[in-house]
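Reading through the structure tokens given below for one structure.
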Amino acid sequence: MSIAEAAARLPVDKTYKIYIGGKFPRTESGRYFALEDQKGRVIANICRGSRKDFRNAIVAARSASPGWSAATAYLRGQILYRIAEMLEGRHEQFVTELVLQGVARRKAKHEVNATVDRLIYYAGWSDKYQQIFSSVNPVSSSHFNFSVLEPTGVVSVLAPDDSSLLGLVSNIAPAIVGGNTCVVLASESRPLCAVSFAEVLHASDVPAGVVNILTGFREELTTQFASHMDVNAVVFCDGDADIAKLIQIEAANNMKRVISRVDTRWSEDSAQSPYLIRDTQETKTTWHPIGG
Amino acid sequence: MDSQVNKLAFNDGWQYAPAPESTDHIQIDEKYDLFIGGDFVAPDEGRYFETINPATEEVLSSVALATDADVDRAVKAARKAYGGWSKMKAKERGKYVFRIARMLQERAREFATIESLDGGKPIRESRDIDIPLAAAHFFYYAGWADKLEYAFPGRNVQSLGVAAQIIPWNFPLLMAAWKIAPALACGNTVVLKSAETTPLTALKLAELIQDAGIPAGVVNIITGAGETGAAMVNHPDVNKVAFTGSTSVGRIIQKSLAGTNKKYTLELGGKAANLIFADAAIDQAVEGIVNGIFFNQGHVCCAGSRLLVQESVADEVIQKLRDRMDTLIVGDPLDKNTDIGAINSMEQLETIRSYLKIGEEEGASMYQSSGDVPDRGYWCRPTIFTGVSQSNRIVQEEIFGPVLAIQTFRTLEEGLEKANNTPYGLSGGVWTDKGAKIFKVTQAMRAGVIWANTFNKFDPASPFGGYKESGVGREGGLHGLDAYVKVAS
């Protein structure tokens, strides 16, 4: 860069931080890892989140759970729609970040569009999945008996590595539209969009703690995501049989629901369905006597 | 106190004459082999173990101890049968399952009598609840066989393969029905292991399945102990594991399935709270408490083993509960007057006794009903503990016996806080005359089955299963189909 060029205007680089309880702290550990572009130049220093960050995030997610699970379906739908609106408005920023991380521009545009559409898709499900999956059960006694879905609670999500925006959102949206709160570990190799997506969430009336996003090393944090005793379900999208086994063994300590989304093609329509919402729902059945 | 003035005298003056169910109409063989591939075959190592009547401690029969080799044989038989069974026209498959339901209805009294002999539960319960519900379960799922596409909108439904099913001793035939009926309707074949102390009705079901002409190997029923179950879970050619039992064993199973592609459902322990509000119909609530904890000797995973009663009515509720407990007849399971039968096994009786000791050591006060219990057999009087706190072991841990821990609360919020303060989440109960309060409480309880102004009701159309550490998946109803199919887009 020539001196003349440098003098024109110095661009302001963004500090990429993590997102916990509606705030953007740095990792409590003070650690980072350098994210490089394909030519080996440093794009950003990314927070290398710690187990303590994860525990803090779970506390935030658990605190947010009663309020969010009690929010009306209409409100949750509108908030998801709002996230889509905010993302649409920042389209170019996300394309730029994807390109920086090695995605071709055309594909990057497509990914951002698809992500907006996916949010709209789930926004529309907010007040419908319950009707699809609930039932009135014709029991053979004098009772009114019905089954409804309720959010399982706090969900930990190991987001897919290769689809760093669409894959991330494809896992967050079905969890939160169903009233769960979540803690997500962003793609390790392409973490930029996750942090910027947290800013989108922050501007979309998503209550603090409903979505918490960490960056860091998958290998370091996987066990914690699967083992934490105040997590109700764990979602994972990558890894071989050994990783799946590790997650399932750790999850068994408090009978977590284990949801594997390995080998999902996130860009296809088959990667979205109300069954993904149901993955993190519990069925509650209630009996009421009929009588005077 | 008013409640003492108005004490209901159920058993003054009149005594109940014995009304035993006869046993001359039932047939129990001296020895049972394993039901594999449509025939009863001797176990690989030739070992058998006895099953006794817990009310008399007399031996009823000997049953085979299935080894790893026997499990392998059973899985192979199920695998062999799977091709034909899964490809059979769904409506024909359904007709087979309907046939099981019908034959079970025909032989209901025989099954009920054997269930009470082998497991110790009152004949009134086995006759009116266990066996009719088991038949109803087969009837319910039979009808699903050719309608599965309606249960999963937008999806393609396929059977899983071979299901390994392990059932407990508290509702032996009913649990067999819960496991086998949906599995068969969805086109799977099964290997089912009955519990160690209650093998007989499952073996009678094997005979019935043979009589019904179900193709050989579609249902295989084996007997054995924990090692037999472990061999089933770990068998590489099993596609699905269904287990009902304790949370500790469920956890071991979930861990041993890690890294495999086996689908699983786990119906595990519970410590249900039964909330009584001051505005409840108190006499009805007391009946609900009794049914909640003393039904089937408290050997019920969804038993209402924690009573949470609003402070202003606590004295009245507890006094009425004690009065009612004193009228409960503990004794011969075959007697139609019996309310509370025998504890299922010596081992379980010892577990319950250890918790009674723990309760007293924790400083709670214990009250047991005053009636007589027989000299022989395994018995436990209906028991309540008052003066317990949330952290006490008798409040937190599943006892699986007729033992109730009683706490009080002042506000709705406090009641809910205490109700949900447990790692379990299987069931719960609420008693109040206010409709809006019912919905508030039933929504806020973190449990899979909630009874409002009733308790311990079951139906094949009604999904059953837990939140949190009470298990994974549902059995019963439309939701119970999910456990036995794979759905693809």
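The values are calculated or read from the model by the stated rules, or taken from the named source; none is laboratory data. This one's a predicted model, so the numbers in the text were calculated from it and none came from an experiment. Virtual Cβ from ideal backbone geometry, glycine too; neighbours counted across all protein chains shown.
Summary of values
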quantity	calculated
Sole residue being closer than 30 Å to residue B:16 by Cβ and part of a loop (DSSP other than H, G, I, E, B), chosen from B:381, B:353	B:381
Candidate set: the stretch A:236-248, residues that are surrounded by fewer than 22 Cβ atoms within 10 Å (Cβ to Cβ) and at the interface with another protein chain (Cβ under 9 Å from one of its Cβ atoms); chosen: the one nearest to the chain's Cα centre (by Cα)	A:244
Residue B:418 being closer than 23 Å to residue A:286 by Cα, more than 8 Å from chain A (Cβ to nearest Cβ) and basic (Lys, Arg)	yes
From A:62, A:55, A:51, A:26, residue being in contact with a Lys or Arg (Cβ under 7 Å, 6 or more places away or on another chain) and modelled with pLDDT of 95 or more	A:26
Residues located in the stretch A:259-285, provided they are more than 18 Å from residue A:129 (Cβ to Cβ) and surrounded by fewer than 23 Cβ atoms within 10 Å (Cβ to Cβ)	A:260, A:262, A:263, A:264, A:265, A:267, A:268
Single residue of the stretch B:406-431 satisfying the filter (among the β-branched types (Val, Ile, Thr) and assigned to a strand (DSSP E or B)) that is farthest from residue B:363 (Cα to Cα)	B:430
Candidate set from the stretch B:463-489 (those that are more than 7 Å from chain A (Cβ to nearest Cβ) and among the hydroxyl-bearing types (Ser, Thr, Tyr)); member that is farthest from residue B:177 (Cα to Cα)	B:470
Top-ranked residue of the stretch B:53-86 - restricted to ones that are without any contact (Cβ under 8 Å) to a residue 60 or more places away in the chain and not small (Gly, Ala, Ser), ranked as surrounded by the most Cβ atoms within 10 Å (Cβ to Cβ)	B:73
Residue B:107 being crowded, with 18+ Cβ neighbours inside 10 Å, in contact (Cβ under 8 Å) with a residue 60 or more places away in the chain, in the same structural domain as residue B:159 (by TED's automatic domain parsing) and in contact with a Lys or Arg (Cβ under 9 Å, 6 or more places away or on another chain)	yes
Helices (runs of 4 or more DSSP H) enclosed by the stretch A:145-248 - at least 3 residues per element that are farther than 15 Å from residue A:87 by Cβ	A:166-177, A:218-227
Given (1) assigned to a helix (DSSP H, G or I); (2) without any contact (Cβ under 8 Å) to a residue 40 or more places away in the chain, number of the condition residue A:45 does not satisfy	(1)
Residue satisfying condition, being more than 10 Å from chain A (Cβ to nearest Cβ) and within 21 Å of the chain's Cα centre (by Cα), within set B:450, B:394	B:394
Selection status of residue B:249, within 20 Å of the chain's Cα centre (by Cα), on the phi < 0 side of the Ramachandran plot and in the same structural domain as residue B:82 (by TED's automatic domain parsing)	yes
Number of the condition not met by residue A:58 [criteria: (1) part of a strand (DSSP E or B); (2) closer than 14 Å to residue A:225 by Cα]	(1)
Whichever residue in the stretch B:210-227 is crowded, with 22+ Cβ neighbours inside 10 Å and within 22 Å of the chain's Cα centre (by Cα) and, among such residues, is farthest from residue B:78 (Cα to Cα)	B:224
Count of residues meeting criterion [over 20 Å from residue B:391 (Cβ atoms) and among the hydroxyl-bearing types (Ser, Thr, Tyr)] in the stretch B:412-436	2
Selected residue [within 14 Å of the chain's Cα centre (by Cα), within 11 Å of another protein chain (Cβ to nearest Cβ) and at pLDDT 95 or above] from A:198, A:233, A:251	A:233
Residue that is within 11 Å of chain A (Cβ to nearest Cβ), assigned to a loop (DSSP other than H, G, I, E, B) and in contact (Cβ under 8 Å) with a residue 60 or more places away in the chain, where the choices are B:460, B:374	B:460
Residues (touching a residue at least 24 places away in the same chain (Cβ under 8 Å), within 14 Å of another protein chain (Cβ to nearest Cβ) and either crowded, with 21+ Cβ neighbours inside 10 Å or not in a strand (DSSP E or B) (or both)) located in the stretch B:150-181	B:151, B:152, B:154, B:155
Every residue from the stretch A:229-272 that is of a type outside the set (A, V, I, L, M) and more than 25 Å from residue B:471 (Cα to Cα)	A:238, A:239, A:240, A:263, A:264, A:265, A:266, A:267, A:268, A:269, A:270, A:272
Residue that is surrounded by the fewest Cβ atoms within 10 Å (Cβ to Cβ) [pool: residues in the stretch A:45-91 that are of a type in the set (S, T, N, Q) and over 18 Å from residue A:222 (Cα atoms)]	A:72
Exclusive hit being closer than 30 Å to residue B:464 by Cα and surrounded by fewer than 22 Cβ atoms within 10 Å (Cβ to Cβ), set B:370, B:345	B:345
Tally, over the stretch A:257-288, of residues that are more than 9 Å from chain B (Cβ to nearest Cβ), among the hydrophobic types (A, V, I, L, M, F, W, C) and assigned to a strand (DSSP E or B)	1
So residue B:184, is it surrounded by fewer than 24 Cβ atoms within 10 Å (Cβ to Cβ), within 27 Å of residue B:237 (Cβ to Cβ) and touching a strand residue (DSSP E or B) at 6+ places or on another chain (Cβ under 8 Å)	no
Contacts under 6 angstrom Cβ, first residue in the stretch A:266-286 being without any contact (Cβ under 8 Å) to a residue 40 or more places away in the chain, partner surrounded by fewer than 21 Cβ atoms within 10 Å (Cβ to Cβ), 6 or more apart	A:270/B:489
Residue that is surrounded by the fewest Cβ atoms within 10 Å (Cβ to Cβ) [pool: residues in the stretch A:201-227 that are within 14 Å of another protein chain (Cβ to nearest Cβ) and of a type outside the set (A, V, I, L, M)]	A:223
Inter-residue pairs, beta-carbon under 9 Å, first within 20 Å of residue A:276 (Cβ to Cβ) and at the interface with another protein chain (Cβ under 7 Å from one of its Cβ atoms) and in the stretch A:138-152, second aromatic (Phe, Trp, Tyr) and not in a strand (DSSP E or B), 6+ apart	A:147/A:133
Unmet criterion (only one of (1) under 30 Å from residue B:309 (Cβ atoms); (2) within 14 Å of chain A (Cβ to nearest Cβ); (3) surrounded by fewer than 24 Cβ atoms within 10 Å (Cβ to Cβ)) for residue B:267	(3)
